[in-house]
Amino acid sequence: MTDEKKSRISGRLSGLFKDEKIKKLIIVLGAAGIALIFISNFFAHGSREDNSSEQSNVQSGVVAGLSEYKESVEKSLRDIISKIEGAGRTEVFLTLDNGNENIYAVNRTENSEEKDENTDSSTKSEYFTVRNSDGSEDGMLLKIHQPDVRGVVVVCDGGDEAITKERVLEAVTKSLNISSAKVCITKLSQLTEE
């Protein structure tokens, strides 16, 4: 910018501030801007509390969710297997290894020092936390690793037919990503009532 342009701009700005109406307008606009900043911080704080309560709900649901997870998988398998040609009425029993594994956000730092011929190393881990709306803190949950399937028993009307067994076995192993050694398929007893 040249000096001439700077002096013209400076002159115009000085002229604006001499007018009382313009000064009052600038003050009112400035105050309105500050008020908007405070209001936006208030609403942003409210949404953070909503997120932390959602996080808390997820964590509390994890403990009770293991049996719900098992029942959900059993129901899904029962529904899909019963639609396979020849399977007919179907019952499914599922066993799981361990429980859910929660993966939390961690900041790890490693230090190593060399002293003569020996090297000392140490690792420091810090968990990230989330403050809940009630003021308590919980670890920041990144993901929940569902338990591994130990075994599946499928009992269906067509469990004695080779082709039906093959179809059911493929459906179970592919859907759960398990080996066929973990699946047992057998015929549903005629005495079983729905």
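Residue by residue through the range 96-116, note down the ones that are of a type outside the set (S, T, N, Q) and part of a loop (DSSP other than H, G, I, E, B).
Here is the first cut: in the range 96-116, the ones of a type outside the set (S, T, N, Q) are 96-97, 99, 101, 103-106, 108, 110, 113-116.
Hits for the range 96-116 are Gly99, Ala105, Asp116.
Which of the residues spanning the range 136-185 are within 37 Å of the chain's Cα centre (by Cα) and β-branched (Val, Ile, Thr)? Even if it seems obvious, please write down each step before you answer.
Initial filter on the range 136-185 (within 37 Å of the chain's Cα centre (by Cα)): 136-156, 165-185.
Once the filter is applied, which keeps residues that are within 37 Å of the chain's Cα centre (by Cα) and β-branched (Val, Ile, Thr), the range 136-185 yields Ile144, Val149, Val152, Val153, Val154, Val155, Val168, Val172, Thr173, Ile178, Val183, Ile185.
Of all residues in the range 133-181, count the ones that are surrounded by fewer than 16 Cβ atoms within 10 Å (Cβ to Cβ), of a type in the set (S, T, N, Q) and touching a helix residue (DSSP H, G or I) at 6+ places or on another chain (Cβ under 6 Å).
Residues in the range 133-181 being surrounded by fewer than 16 Cβ atoms within 10 Å (Cβ to Cβ), of a type in the set (S, T, N, Q) and touching a helix residue (DSSP H, G or I) at 6+ places or on another chain (Cβ under 6 Å): 2 in total.
Just wondering, is there one or more residues in the range 125-138 that are touching a residue at least 24 places away in the same chain (Cβ under 8 Å) and polar (S, T, N, Q)? So that I can check it myself, show each step before the final result.
The initial filter retains those residues of the range 125-138 that are touching a residue at least 24 places away in the same chain (Cβ under 8 Å), namely 128, 130-133, 138.
Okay, now just the ones that are also polar (S, T, N, Q), so 132-133.
Yes, the range 125-138 contains a residue that is touching a residue at least 24 places away in the same chain (Cβ under 8 Å) and polar (S, T, N, Q).
When you scan the range 120-194 for strands (runs of 3 or more DSSP E) that lie fully inside it, which ones turn up with 3 or more residues that are closer than 23 Å to Ala105 by Cβ and either of a type in the set (Val, Ile, Thr) or in contact with a strand residue (DSSP E or B) (Cβ under 8 Å, 6 or more places away or on another chain) (or both)?
Numbers: elements: 129-131, 137-139, 141-145, 148-156, 183-187.
Because the criterion is at least 3 residues that are closer than 23 Å to Ala105 by Cβ and either of a type in the set (Val, Ile, Thr) or in contact with a strand residue (DSSP E or B) (Cβ under 8 Å, 6 or more places away or on another chain) (or both), the strands (runs of 3 or more DSSP E) in the range 120-194 that meet it are 129-131, 137-139, 141-145.
This table checks each residue for (1) more than 19 Å from Arg78 (Cα to Cα); (2) in contact with a Gly (Cβ under 9 Å, 6 or more places away or on another chain).
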position	(1), (2)
Leu94	no, yes
Glu101	yes, no
Ser112	yes, no
Ser122	yes, no
Gly158	no, yes
Thr164	no, yes
Ala171	no, no
Asn177	no, no
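Readers should treat all values here as calculations from the given coordinates under stated rules, not as data from a laboratory. Since we're looking at a predicted model, the values are computed, not measured. Backbone-built Cβ (ideal geometry, glycine too); neighbour counts: all protein chains shown.
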